[in-house]
Amino acid sequence: MRSLLPEVGYQGLTLEAVAAHAGTTKPAIRRRWPSQKHLVVDAITEHVGSTPTPDTGCTHCDLVAGIDTLRRTMTGPLLTLTLPPLVADLRNDDVLRNRFFDRFFNPRRQTTARAIERGIERGDVREDVDVELLLDMLAATMTYRLLFGHQPIAPGLSEEIVDVVMRGAATPQWAKQH
């Protein structure tokens, strides 16, 4: 299915095409996914994976590594072609939105939140930082560039993002070390 999406695009994907591509039947596909949109959520979730943001002992390094996994997946055709129209569909479909958040959005976000919390414990990130805002700031550039295509999602961008965010959220102790 992940190979089919770049060929036909999000709007061109049908359960019939998925069944034919997988060598099964549409009813078999329907038993697992109520629509092609739900199937797409699972396909991009599988593509992005659930590799946790690492714990290397270095907050900056952990965040760069975590954000870079997002950068790498957002440069391929699967997310480039599917995420923008899927995001539009989330607005009017609560079941789809919940599936997207439960399977795709929240798992990665939670692992990065843990990296920020470890940074707070180490004294690298201010204790009073709004973790949710910091998470949004870390992922926003990649998402914005994917959705609008106005700037490239280039190698090195992950480090730039983390540097900018950390310099605004870092303790004086962290700033002295970097």
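Values in this text are rule-based calculations from the coordinates and carry no lab data. Being a predicted model, the structure only gives us computed values, none of them experimental. Positions of Cβ are generated from backbone atoms using ideal geometry, with glycine treated the same way; all protein chains shown enter the neighbour counts.
Projecting the Cα atoms of VAL125, VAL164, ILE153 onto the charge dipole of the chain, computed from C-beta unit charges around the Cα centre, puts ILE153 farthest toward the positive end.
Ellipticity at 222 nm from helices only: DSSP H runs of n ≥ 4 in the chain, each -39500 (n - 2.57), divided by the residue count, give -22000 deg cm²/dmol. Kirkwood analysis of the chain, using all unique Cα-Cα pairs, places the hydrodynamic radius at 17.6 Å.
Taking the chain as the reference, fit the longest principal axis to its C-alpha atoms, fit the long axis of helix 59-74 to the helix C-alpha atoms, and give the angle between the two in degrees, 0 to 90, nearest 10. Relative to the chain, helix 59-74 is tipped by roughly 20 degrees. The convex hull drawn around the Cα atoms of segment 5-65, when projected onto a plane and averaged over every direction, covers 5.6 nm². To the nearest ten degrees, helix 157-169 and the longest principal axis of the Cα atoms of the chain are 50 degrees apart.
Taking 22 Å as R0, compute the FRET efficiency from the Cβ-Cβ separation of ASN106 and TYR144 and round it to 0.05. With R0 = 22 Å, the Cβ-Cβ based efficiency is 0.65.
Our summary gives segment 53-177 a relative contact order of 37 percent, counting only alpha carbon pairs under 8 angstrom and 6 or more residues apart.
Dipole magnitude for the chain: computed about the Cα centre from +1 point charges on Lys and Arg Cβ and -1 point charges on Asp and Glu Cβ, it is near 600 debye.
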